[in-house]
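The values are calculated or read from the model by the stated rules, or taken from the named source; none is laboratory data. On a predicted model such as this, the values are computed, not experimentally measured, just so you know. So basically every Cβ, Gly included, is an ideal-geometry build from the backbone, and we count neighbours across all protein chains shown.
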Amino acid sequence: MSVRLYIGNLPQNFDTKELEALLGSVAEGIRFKAVLDKETGNCRGFGFANISDKKVANALIEQLNGREFNGNNLRVERSERRSDSNSGNSRRGGSNSNNSSQGASRKGTKKVVHSDAPNKEAPDPRWAGELAKLKELLENQKTAV
């Protein structure tokens, strides 16, 4: 089973071949895919690497996490795809019922889950200006004692 690693803090305009050469200096056969912005086509600052061997994945984390790459310090850690708990389906449309036995055996490992979904506790950014105005009005309001 392959290990999926999150590689973050990448410069927006970097050469993928240069990063692949850096990954290749640790071990051969590491596949990397940058996550690109749909509109501009530039890197969104992160990507994922798939590695077939757990020992190689651990070595890659140890050697490259925090290492300088084109002016940025890389962030390399294990990653796991976040599943949609409301529908019971993964992003690819399959059922998650076969993953329940795997999840129990991996409970002890440190996992990092990355998602592009907005934080549900944060206010809607479309209303940020209106909220700021209301807060200012409340702060300036004098109450009778």
Exercise. Among the residues of region 90-99, is there at least one that is modelled with pLDDT of 60 or more and either over 30 Å from Ala27 (Cα atoms) or part of a helix (DSSP H, G or I) (or both)?
Worked result: no
For this session: State whether the residues of region 48-58 include one that is closer than 19 Å to Glu77 by Cβ, among the small types (Gly, Ala, Ser), surrounded by 14 or more Cβ atoms within 10 Å (Cβ to Cβ) and within 14 Å of the chain's Cα centre (by Cα).
Result: yes
